[in-house]
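In what follows, a single structure is set out as structure tokens and then discussed.
The values are calculated or read from the model by the stated rules, or taken from the named source; none is laboratory data. All of these numbers come straight from a predicted model, not from anything done at the bench. A quick note on method: Cβ atoms are made from the backbone with ideal geometry, for glycine too, and the neighbour counts reach across all protein chains shown. Areas reflect the complete protein model, heavy atoms only, side chains present, ligands, DNA and RNA absent. Shrake-Rupley method; radii C 1.70, N 1.55, O 1.52, S 1.80 Å.
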Amino acid sequence: MGLKAIKGGIFSDSIGWGKNWCLKKTRSNDTFLDKVVDQLKILYPFIKIKRFGDPYGNDELIFDSIQTGIPAISIYKYPFPEYHTNNDTPGKIQEQNLNQAQRFVFKILEILEGDKIYKFVHSTPFWMSKYGVYADDQYMPIEFKNNFQIVYELLDGKNSILDIANKLNAKFSDIQKYLSKLQSFNLVRELRYK
């Protein structure tokens, strides 16, 4: 088992103290981890998204270097004026920041483990009302739009739950729940994830 067996990395640095929560994308900015970063921005709008190497780099640079090629994202707090100074001490660490970082990592893992690709079982669209998955556009406009786009535009056997959630600017868990309901009625089937 070599480096090629490692699919990605999540690095965290300076999570105990600093001004803003930041998530740094991978070098290529188009990996499955970048999609997860986009989803976390939907779930936690206060997070600032940064490019690879911005404003500085740590171990994610080694993983995601051209030579190593392991996509890596980074979670950190920035700015952190005391970073690498004699004022960078354990006394600065705030427990609520460590707990928030833990929630971010758990959410990342939950999405990675729960992401699936589905395809419709039948060759024609189903009757949403019959299965209780219809949302009226007057009373539930967001659900109506999302359900319509899922059924008629996005669920093509190529888009994963995460892809669909990000395209709809929706929570991963909401799309996951909707597709699980469709699966429970044997309207969709899970495909092998590549």
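Some values worked out for this structure:
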item: Accessible area (Å², 1.4 Å probe, nearest 10) - K7; result: 140 Å²
item: From phi via Karplus (6.51, -1.76, 1.60), per-residue ³J(HN,Hα) for the stretch 55-64 in Hz, x at Gly/Pro; result: x, 8, x, 10, 5, 4, 5, 6, 4, 9
item: Apportionment of accessible area to carbon and sulfur, the chain, percent (1.4 Å); result: 53 percent
item: Of (i) -0.44, -0.71, -0.82, -1.09; (ii) -0.49, -0.81, -0.95, -1.25; (iii) -0.43, -0.78, -0.94, -1.24, the label for log10 I(q)/I(0) by the Debye sum over Cα atoms at q = 0.09, 0.13, 0.15, 0.19 Å⁻¹ derived from the coordinates; result: (iii)
item: Using a Förster distance of 41 Å, the FRET efficiency for I93-Q149 (Cβ separation, nearest 0.05); result: 0.40
item: Per residue accessible area in Å² of the chain, where ligands, DNA and RNA are left out and the probe is 1.4 Å; result: 60 Å²
item: Cβ-placed point charges (K, R +1; D, E -1), dipole of the stretch 81-173 about Cα centre in debye, nearest 20; result: 240 debye
item: Nonlocal amide H pairs with Y56, under 5 Å, H built at 1.01 Å; result: none
item: Cβ charges +1 (Lys, Arg) and -1 (Asp, Glu), total dipole of the chain, debye; result: 300 debye
item: Amide H partners (placed H, <5 Å) of G9, local residues excluded; result: A72, I73
item: Charge dipole of the chain about the Cα centre (unit charges at C-beta), most positive-ward option of S74, L182, I49; result: L182
item: At least 27 Å along the helix axis (C-alpha) and Kyte average at least 0.0, DSSP helices within the chain; result: none
item: In nm, spacing of pseudo-spin labels at Y193 and L3 (7 Å Cα→C-beta vector); result: 2.5 nm
item: Extension gain (nm, one decimal) between K167 and I49, 0.36 nm per residue minus Cα-Cα; result: 40.7 nm
item: Relative contact order (percent, whole number), the stretch 1-134, Cα cutoff 8 Å, 6+ residue spacing; result: 34 percent
item: Cα gyration tensor category, rounded, prolate or oblate, for the stretch 64-119 with a/c compared to 1.5; result: oblate
